[in-house]
Amino acid sequence: MPGLIGKKIGMTSIYSAAGKNIPCTILEVGPCVVTQVRTLEKDGYEAVQLGFGERSEKRTSKAMQGHFKRAGVALKRKLVEFRGFAKEMNAGDEVKVEDIFNEGEFVSIYGTSKGKGFQGVVKRHGFAGVGQATHGQHNRLRAPGSIGAASTPARVFKGMRMGGQMGNVRVTIENLEVVKVMPEDGVLVVKGAVPGHKGATVVIRKPEA
């Protein structure tokens with residue numbers, strides 16, 4: 001398997017053997033259950049579908065309840081497909097963190113970033129603002145400034161950096177070092193930050209060869 005599904009617990013810091021303080025993110029990874037095996041003959045491609053987290057029957061549609069019942073597994077909150085490896089896995093197989101990841105290797109993690117709502121150009125794009133705060137200005141300090149180009153071309157170019165929705169998008173962080181694997185707790189500790197809020201679902205993948 002190239003990866004697993006997990007949940008962001010929070011951040012902490014640990015000391016290396018050299019005494020350096022390392023900021024880390026704690027992830028609860030797995031155990032994940034194989035809920036479906038897609039084959040080339042039936043589906044047109046090979047993939048393994050993993051499920052993670054518990055979900056109540058009330059919040060699961062009848063179609064998904066039937067899907068989990070056919071696989072012979074409990075209701076799951078999150079489903080993710082990993083291409084390939086279909087011949088190695090069977091529905092109902094359980095995959096744990098110690099089966100996939102080792103200390104010292106590097107992984108890529110993707111999830112949904114925190115939603116910040118509508119933000120201006122200073123927070124969203126790092127603009128410095130316009131002019132000084134004195135000499136009669138009262139509402140121009142954090143303004144974007146001019147966005148047009150006069151009568152030619154008489155329009156605003158696409159992609160102009162302006163205020164708008166910030167966050168709540170899929171973000172991938174690559175090459176995060178696995179600092180510690182704790183199989184007894186199903187915990188993975190990685191160096192650096194991971195997208196999402198506490199309790200957010202993330203997908204941890206090994207880099208493709």
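Taken as a whole, the condition of being within 30 Å of Ile14 (Cβ to Cβ) and exposed (fewer than 14 other Cβ atoms within 10 Å of the Cβ) applies to Gly115. Within the stretch 179-190, being over 11 Å from Leu27 (Cα atoms) and surrounded by 17 or more Cβ atoms within 10 Å (Cβ to Cβ) holds for one residue alone: Val179. Only residues that are at pLDDT below 90 and surrounded by 10 or more Cβ atoms within 10 Å (Cβ to Cβ) were counted across the stretch 133-178, and they come to 10. Just one of the listed residues (Val169, Val194) is among the β-branched types (Val, Ile, Thr) and within 30 Å of Glu98 (Cβ to Cβ), and it is Val194.
Residues considered: Val80, Val37. Of these, the only one that is of a type outside the set (Phe, Trp, Tyr), surrounded by 16 or more Cβ atoms within 10 Å (Cβ to Cβ) and farther than 25 Å from Met182 by Cα is Val37.
The values are calculated or read from the model by the stated rules, or taken from the named source; none is laboratory data. Note that the structure is a prediction, hence the values are computed from the model and not measured. All Cβ positions, even for glycine, are placed from backbone atoms using ideal geometry, and neighbour counts span all protein chains on display.
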